[in-house]
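Below is one structure, written out as C-alpha cells; comments come after it.
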Amino acid sequence: MMPIGPLMIEHRLIEKMIEVMRRQFLRWETDGQLDPLFIDMAVDFIRTYADRCHHGKEEDILFRDLAKKGLSDEHRKTMEELMDEHRWGRETTARLANANEAYRDGNGKAMSIILECVKALVDFYPKHIKKEDRHFFIPVMDYFSKEEKDAMLEEENEFDRGLIHERYKAVVEKAREMVMGGA
Ligand SMILES: [Fe+2]
Ligand SMILES: [Fe+2]
C-alpha cells in the first residue's frame, strides 16, 4: 500500500461523521435546541481522529517528507493551503468546544456560535478532503522512491500504534485532575 492509502481510508470515516453532523445541524436549526452530548462526541472525534490521528500523519510524516523535496510551485502552494486549513479546523473546533461549555452554563448567545461552527466544519471537511484526494495525494507520490514510500507507510503504522496509549494517558491525567486536583 502507498502511504496515502491509510489517509484516504481515514477520509471515508471523516466523511461519514461529517454527514451525521450535517444532519444534526439541520435538525437543530429547525428545532431551535441542540444536544451538548452530541457536540462533545463530535469535538472528540474531530480532535482525536481527524486532527491528532489523521492530520497528525499528514503533517508529521507526508508533508514533512514532501517539504524536503523540490516541489513545484503549485504543489508547495497547495501544501501550505492544506496546513492553513488544518489550523483553521483546530481553531473552529476549539470555538465549538468553548461555545458548548457556554451553552451548558446557560449563555444565550452560545447556540448561534455552535450552529455557526458546526455549519463551517461540515462545509469545510468535504472540500479539504476533495482537494487532497483529487488534486494532491496521488501526484505528489511521484516525488518519492519505492523505499521512501514504504518507510512512510511503516512510520504511519507506528504513529497509529502510539495513539491509543497517548489518548488514554491523557484521559487518566484528566481524571486525576478532576478527582485529586494538582496532586
Ligand atoms: Fe488534511
Ligand atoms: Fe486528509
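The values are calculated or read from the model by the stated rules, or taken from the named source; none is laboratory data. All values derive from a computational prediction rather than experimental measurement. With ideal geometry, Cβ positions are generated from the backbone for all residues, glycine too; neighbour counts draw on all protein chains shown. Ligands, DNA and RNA are excluded from the accessible area calculation, which covers all protein heavy atoms including side chains. Shrake-Rupley method; radii C 1.70, N 1.55, O 1.52, S 1.80 Å.
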Subject >> Count of residues meeting criterion [over 14 Å from the mean Cα position of the chain (by Cα), part of a helix (DSSP H, G or I) and free of Cβ contacts under 8 Å to residues at least 60 places away in the same chain] in the range 20-46 >> reply: 8
Original post:
Does at least one position in the range 2-16 carry a residue that is within 13 Å of ligand 1 (Cβ to nearest atom), part of a helix (DSSP H, G or I) and small (Gly, Ala, Ser)?
Top reply: no
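Considering only the range 118-151, state which residues are among the aliphatic types (A, V, I, L, M) and either over 22 Å from residue 48 (Cβ atoms) or within 13 Å of ligand 1 (Cβ to nearest atom) (or both).
129, 138, 140, 141, 151
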Original post:
What is the one condition in (1) part of a helix (DSSP H, G or I); (2) open to solvent by 10 Å² or more (accessible area, probe 1.4 Å); (3) touching a residue at least 60 places away in the same chain (Cβ under 8 Å) that residue 69 does not satisfy?
Top reply: (1)
Subject >> Scope the range 118-130; condition within 14 Å of ligand 2 (Cβ to nearest atom) and open to solvent by 50 Å² or more (accessible area, probe 1.4 Å); matching residues >> reply: 126, 127, 130
Original post:
Taking the condition modelled with pLDDT of 95 or more, surrounded by 13 or more Cβ atoms within 10 Å (Cβ to Cβ) and within 16 Å of ligand 1 (Cβ to nearest atom), does residue 41 pass?
Top reply: no
Original post:
Out of (1) at pLDDT 95 or above; (2) over 17 Å from residue 56 (Cβ atoms), what's the single condition that is false for residue 181?
Top reply: (1)
